[in-house]
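Worksheet for the structure shown next.
The values are calculated or read from the model by the stated rules, or taken from the named source; none is laboratory data. Note that this is a predicted model, so its numbers are computed, not measured. Please note: Cβ atoms are built from the backbone with ideal geometry, for glycine as well, and neighbour counts cover all protein chains shown.
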Amino acid sequence: MSKERFQGLDLLATAVVVIDPLGVVVYANSGAESLLDMSRRSLDGQAMLGLFTDSVGFRDFLSRFKADPFDIKRQIFELIRANGSTEHVHVTLSRPDTLGDFTLMELREIEQQMKVDREARMMDQSIANKELIRNLAHEIKNPLGGIRGAAQLLEIELNSADLKEYTQVIIKESDRLQTLVDRLLAPHRKPHIAVMMNIHEVCERVRSVILAEHPKGLRIIRDYDTSIPEFLGDFEQLIQTVLNIVRNAAQALAPQISEGTAEIRLCTRVVRRVTLNRKQHRLALDLQVIDNGPGIPADIVDRIFYPLVSGREGGSGLGLTLAQTFVQQHEGTIECASQPGRTLFKVILPLQFEHASN
């Protein structure tokens, strides 16, 4: 049987498989490959019955559809991915006239809509945060220069070295605040410059910097998909993004580094048919930074990308905020999941190969 008749299904964003009367896969689109974490070749000839935890319930579901194939059937099942993870999905069975005895099965992740809603909330919150930061930074910047200048003039008039110590405190603290304000405003000053780049060059640059800072006790594991093509991105911004994430991880791993058990994994993959910020992309980069540290405190994990929020004493709380800003400038998303012994930061970036036309 020619499978060319089903190739139009690859244009769909959702996971779709075509099954024969026995429930065996005869075609799977790219969305199904991504959802099931299996290649099309592996899915070909696979019995769908074995891909659900409730195989008996799924068999009954198929039987009811066969009894009335002109009615669309829907039910929720727990899907088993190739990597062993599970996912609840809406399964829809239908039989278009053009398919004859074959059945069209559509699989929709229940979590997908929740993920879209979460991304929308994060984007709105990020926009509000950036506006607040800009306004606050400008409000601080103007009087700060006046305070520092007044302290310098006062120091000239003072004859006592003891009193000059106080003016030095004012000047040094003003400089420290000025540096903080400049860091807050930095991502909004530099233009986004997109060039063809390789994500693994970014990862290797960051790896070299972190290992130079922590020459002993830390192992950085490369888990790269070397088939990922070059894509348009701001090389410097992405280096800073990955560096901020990995450096945070290394700092959180201080106890493990002293014991010689610290690990950071840099993992790159390609994902297909993803929706980022309500926009569909054919291909995207999935970059993950995973460490075996103590995890992010539960009371701040939901606010970890907010400015000035830090789980480390002495931290500025700006590194992840800047990383989020740079990722969003690439039309991507960044998210975090943490528990003791494993913290994951996931960056998803659309793979773009041409400059957008004006």
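Identify the residue in the range 248-283 that is among the small types (Gly, Ala, Ser) and touching a Lys or Arg at 6+ places or on another chain (Cβ under 8 Å) and, among all such residues, is farthest from Ile220 (Cα to Cα). I'd like the intermediate steps shown before the answer.
Within the range 248-283, the subset among the small types (Gly, Ala, Ser) is 249-250, 252, 254, 258, 260, 262.
Narrowing the set further to residues that are touching a Lys or Arg at 6+ places or on another chain (Cβ under 8 Å) leaves 252, 260, 262.
Numbers: Ala252: 14, Gly260: 12, Ala262: 9 Å.
Within the range 248-283, the match that is farthest from Ile220 (Cα to Cα) is Ala252.
Inside the range 159-173, residues that are part of a loop (DSSP other than H, G, I, E, B) and under 46 Å from the mean Cα position of the chain (by Cα) make up a count of 0.
Given the residues Arg176, Arg247, which is the only one that is under 26 Å from the mean Cα position of the chain (by Cα) and of a type in the set (D, E, K, R)? If you could, list the steps in order and put the result at the bottom.
On the way: Arg176 fails: under 26 Å from the mean Cα position of the chain (by Cα).
One residue alone meets the criteria, Arg247.
Could you tell me whether the range 38-61 includes any residue that is under 14 Å from Leu99 (Cβ atoms), surrounded by 13 or more Cβ atoms within 10 Å (Cβ to Cβ) and at pLDDT 85 or above?
no
Might you check whether a residue that is at negative phi, assigned to a loop (DSSP other than H, G, I, E, B) and outside the structural domain of Leu36 (by TED's automatic domain parsing) occurs anywhere in the range 271-281? So far as the range 271-281 goes, no, none of its residues is at negative phi, assigned to a loop (DSSP other than H, G, I, E, B) and outside the structural domain of Leu36 (by TED's automatic domain parsing). Between Leu211, Leu287, Leu253, Leu243, the distinction of being within 26 Å of Gly341 (Cβ to Cβ) and out of contact with any Leu (no Cβ under 9 Å at 6 or more places or on another chain) belongs to Leu243 only.
Look at (1) closer than 30 Å to Ile334 by Cα; (2) out of contact with any Ser or Thr (no Cβ under 6 Å at 6 or more places or on another chain) and you find that Glu78 fails only one, number (2). Could you check, for the range 210-228, whether at least one of its residues is within 20 Å of Ala194 (Cβ to Cβ) and either assigned by TED's automatic domain parsing to the domain that holds Gly293 or under 19 Å from the mean Cα position of the chain (by Cα) (or both)? Yes, because at least one residue in the range 210-228 is within 20 Å of Ala194 (Cβ to Cβ) and either assigned by TED's automatic domain parsing to the domain that holds Gly293 or under 19 Å from the mean Cα position of the chain (by Cα) (or both).
Tell me, please, whether a residue that is in a strand (DSSP E or B) and modelled with pLDDT of 85 or more can be found in the range 317-328.
Of all residues in the range 317-328, those in a strand (DSSP E or B) come to none.
Within the range 317-328 (the criterion being in a strand (DSSP E or B) and modelled with pLDDT of 85 or more), the answer is no, since none of the residues qualifies.
Okay, residues lined up against (1) at pLDDT 85 or above; (2) under 24 Å from the mean Cα position of the chain (by Cα):
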{"position": "Phe70", "(1), (2)": "no, no"}
{"position": "Ile80", "(1), (2)": "yes, yes"}
{"position": "Gly84", "(1), (2)": "no, yes"}
{"position": "Pro96", "(1), (2)": "no, no"}
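Based on what the data block shows, is Glu313 surrounded by fewer than 16 Cβ atoms within 10 Å (Cβ to Cβ), in contact with a strand residue (DSSP E or B) (Cβ under 9 Å, 6 or more places away or on another chain), at pLDDT below 90 and assigned to a loop (DSSP other than H, G, I, E, B)? For Glu313, the condition - surrounded by fewer than 16 Cβ atoms within 10 Å (Cβ to Cβ), in contact with a strand residue (DSSP E or B) (Cβ under 9 Å, 6 or more places away or on another chain), at pLDDT below 90 and assigned to a loop (DSSP other than H, G, I, E, B) - is not met. Step by step: first the residues of the range 224-240, then only those that are among the acidic types (Asp, Glu) and assigned to a loop (DSSP other than H, G, I, E, B), then the one that is surrounded by the most Cβ atoms within 10 Å (Cβ to Cβ). Which residue is that? Out of the qualifying residues, it is Asp234. A single entry from Ser34, Ser30, Ser42 fulfils the requirement of being in contact with a Lys or Arg (Cβ under 6 Å, 6 or more places away or on another chain) and either among the basic types (Lys, Arg) or closer than 18 Å to Ser85 by Cβ (or both): Ser34.
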